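The values are calculated or read from the model by the stated rules, or taken from the named source; none is laboratory data. A quick note: this is a predicted structure, and the numbers were derived from the prediction, not measured. Reconstructed Cβ throughout: ideal geometry from the backbone, glycine too, with neighbour counts over all protein chains shown.
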């Protein structure tokens with residue numbers, strides 16, 4: 001994602017550099033100021049990604065790793081991946097999962113943002129604190145906590161559902177079937193993603209002059225119509241950014257799956273992140289895992305390109 | 001974590017191992033031997049004794065011991081093994097050794113001398129041997145016994161521990177019925193507990209997988225013998241256990257400790273551990289060997305082997321440490337501490353639950369010796385099969401057939 005933002009972040013700096021052309025010592029300054037960030041990006045992003053691309057053309061199994069031998073295999077890893085039935089199971093599953101998560105995240109995020117906007121001060125404070133807390137929880141800790149909450153024997157969810165009379169759920173196993181496990185995963189991912197979306201949209205709502213809504217309401221618009229005809233069009237750029245970012249984040253979902261289902265039951269919740277981890281770290285097929293990661297990166301870069309294009313059109 | 005971060009983590013890990021690997025540099029005239037052991041293995045005091053004896057015999061050396069967690073151990077080994085300073089001695093689980101030996105990461109120790117080599121537990125020796133060479137020296141073993149609550153046993157009016165599977169099933173059902181609670185298990189047996197469940201396959205003469213003459217591996221779980229064993233297992237579960245089908249053995253000790261079960265299948269040393277954690281039960285716990293259809297049930301022989309890296313800088317010292325640790329003196333102490341010594345020659349030195357365990361170890365089984373078995377394990381093929389049977393989602397016939405297919409796919413394509 002950092003790479004995606006890079007061109008836009010770099011542009012103002014270059015423009016300023018052009019303006020300072022007459023002062024020789026000033027010409028180096030922007031570059032100096034950029035250097036730490038550039039070094040960081042190079043070291044933590046460009047170099048590892050380049051290594052990953054190189055690895056994807058090598059065999060690199062456990063024996064190659066410990067004997068430090070390099071065997072170039074050309075496109076073999078890509079051919080193997082594209083011919084792998086598991087890859088073609090995992091890819092649509094990942095995209096479907098991401099689509100469901102993004103839709104629910106945006107929906108719940110919109111609801112929370114509107115609630116924040118209209119709620120009384122204490123309620124707003126409580127809600128925004130809760131959102132920030134959820135957001136501040138490290139993803140893997142959140143995943144472990146959710147796993148325990150849905151535990152069949154000790155989990156609070158089964159207790160609450162049973163107490164509320166919704167079902168006789170004592171000892172109900174949420175991770176027994178892929179469908180049920182997926183439901184839990186969607187909840188975990190959406191829970192983690194809603195705060196950012198809600199707070200961003202709330203920020204967007206604050207920039208809209210209230211007179212617009214008043215005028216719409218005076219003209220007799222229902223709340224529903226006012227939202228679709230006034231609020232949504234004004235927030236559209238924010239929605240586009242949030243949608244694309246969410247797609248990227250939810251496609252590469254990993255800790256939420258790894259710390260709860262590990263891809264089970266019956267490999268039914270293996271998504272691209274877990275698939276790559278299994279291939280690379282567990283089965284020591286680093287070349288193959290890199291090839292899958294490259295394919296996934298290309299897919300997400302495609303999406304980001306679409307996002308940049310939409311942004312540019314929006315700004316015109 | 002994003003895929004980029006993961007790629008970064010991998011590449012960073014591979015290039016900066018010198019910083020976090022077992023730095024065994026000989027600065028200041030002393031040589032440092034780095035020893036990586038696993039959690040819950042030999043007691044700290046015993047390790048300290050060994051190191052004391054070792055440094056006395058090898059002046060100018062220091063031993064640096066690091067204890068690794070079992071979860072995530074693979075990554076912690078791969079990283080230094082690819083670097084310049086691998087640890088000199090590594091304790092590896094006996095199911096771990098094979099793939100590292102095959103990759104060339106470990107040194108052959110076959111030509112060295114060790115105590116009790118002729119009487120080593122065969123399961124551990126096999127686990128440390130690849131293509132006739134010894135890469136992992138048997139360190140200690142562990143197998144599973146039935147741990148039970150004597151007080152609940154008496155409450156249900158039961159007599160001597162069962163000696164056949166049918167007796168066990170009857171006793172477990174009686175124990176369950178003697179307690180009114182709906183979640184109480186006579187024998188708590190979670191569905192994904194593979195190292196206890198697969199024993200039933202061997203009990204009826206079945207196998208998990210075998211290698212044909214052309215070197216290919218074939219799953220054998222759908223053979224009639226194996227299916228019979230798994231049917232026995234499923235029957236026991238339904239008669240005695242109320243454990244969830246989708247859980248493994250994690251936390252099984254707490255289930256017994258907190259009074260939700262009368263029996264569990266667990267490693268012998270856990271009798272003592274549960275007694276320490278739940279002091280009110282300390283006097284009420286005992287163990288007996290898991291009974292089979294005829295005679296004791298074959299047990300999975302777990303345990304650890306000691307290995308040394310092929311690229312290690314101090315291979316003679318590493319050998320010296322390993323031979324001292326696995327020698328008669330310290331293996332006797334290991335046995336007294338509750339671990340299974342690496343040799344049957346020490347059977348007179350152990351008592352109580354450890355003696356029960358050592359006796360059970362004479363009839364043991366081990367996972368298929370394919371170098372890619374860990375891939376089958378990582379893909380949870382066995383656990384998924386067991387869960388499908390335990391939950392009733394699949395019949396034994398369908399579940400075993402599916403598992404055999406998966407085994408064939410994974411071991412067949414393993415490059």
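So the values come out like this:
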| read-out | value |
| --- | --- |
| Where residue A:269 falls short, out of the listed (1) more than 10 Å from every other protein chain (Cβ to nearest Cβ); (2) within 20 Å of the chain's Cα centre (by Cα); (3) part of a helix (DSSP H, G or I) | (3) |
| Matching residues in segment A:274-288 - criterion: being without any contact (Cβ under 8 Å) to a residue 24 or more places away in the chain, part of a helix (DSSP H, G or I) and within 9 Å of chain B (Cβ to nearest Cβ) | A:276, A:277, A:278, A:280, A:281, A:282 |
| Pairs where the first residue, in segment A:207-219, is without any contact (Cβ under 8 Å) to a residue 12 or more places away in the chain and the second is part of a helix (DSSP H, G or I), C-beta under 8 Å, 6+ apart | A:217/A:226 |
| Matching entry among B:393, B:387 (being more than 16 Å from the chain's Cα centre (by Cα) and outside any helix (DSSP H, G or I)) | B:393 |
| Candidate set from segment B:355-367 (those that are part of a loop (DSSP other than H, G, I, E, B) and in contact with a helix residue (DSSP H, G or I) (Cβ under 8 Å, 6 or more places away or on another chain)); member that is farthest from the other protein chains (Cβ to nearest Cβ) | B:362 |
| Residue that is farthest from the other protein chains (Cβ to nearest Cβ), among those in segment A:100-154 that are over 20 Å from residue A:208 (Cα atoms) and outside any helix (DSSP H, G or I) | A:137 |
| Wholly enclosed strands (runs of 3 or more DSSP E) of segment B:257-316 bearing at least 2 residues in contact (Cβ under 8 Å) with a residue 24 or more places away in the chain and closer than 23 Å to residue B:183 by Cα | B:261-267, B:285-288 |
| Qualifying residue in segment A:52-68 (condition: modelled with pLDDT of 90 or more, exposed (fewer than 14 other Cβ atoms within 10 Å of the Cβ), within 14 Å of chain B (Cβ to nearest Cβ) and assigned to a helix (DSSP H, G or I)) | no |
| Unique match (being surrounded by fewer than 23 Cβ atoms within 10 Å (Cβ to Cβ), in contact with a helix residue (DSSP H, G or I) (Cβ under 6 Å, 6 or more places away or on another chain), modelled with pLDDT of 90 or more and away from every other protein chain (no Cβ under 11 Å)) among A:247, A:240 | A:247 |
| Of all residues making up segment B:374-405, the number that are crowded, with 20+ Cβ neighbours inside 10 Å, farther than 26 Å from residue B:292 by Cα and modelled with pLDDT of 90 or more | 1 |
| Test: residue B:327 is at pLDDT 90 or above, surrounded by fewer than 18 Cβ atoms within 10 Å (Cβ to Cβ), over 22 Å from residue B:144 (Cα atoms) and away from every other protein chain (no Cβ under 14 Å) | yes |
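Yes or no, residue by residue, for (1) part of a helix (DSSP H, G or I); (2) in contact with a helix residue (DSSP H, G or I) (Cβ under 7 Å, 6 or more places away or on another chain); (3) in contact (Cβ under 8 Å) with a residue 24 or more places away in the chain:
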| position | (1), (2), (3) |
| --- | --- |
| B:201 | yes, yes, yes |
| B:213 | no, no, no |
| B:228 | yes, no, yes |
| B:231 | yes, yes, yes |
| B:237 | yes, yes, yes |
| B:243 | no, no, yes |
| B:246 | no, yes, yes |
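Yes/no per residue for (1) over 24 Å from residue B:274 (Cβ atoms); (2) touching a strand residue (DSSP E or B) at 6+ places or on another chain (Cβ under 6 Å):
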| position | (1), (2) |
| --- | --- |
| B:145 | no, yes |
| B:155 | no, no |
| B:192 | no, no |
| B:204 | yes, no |
| B:219 | yes, yes |
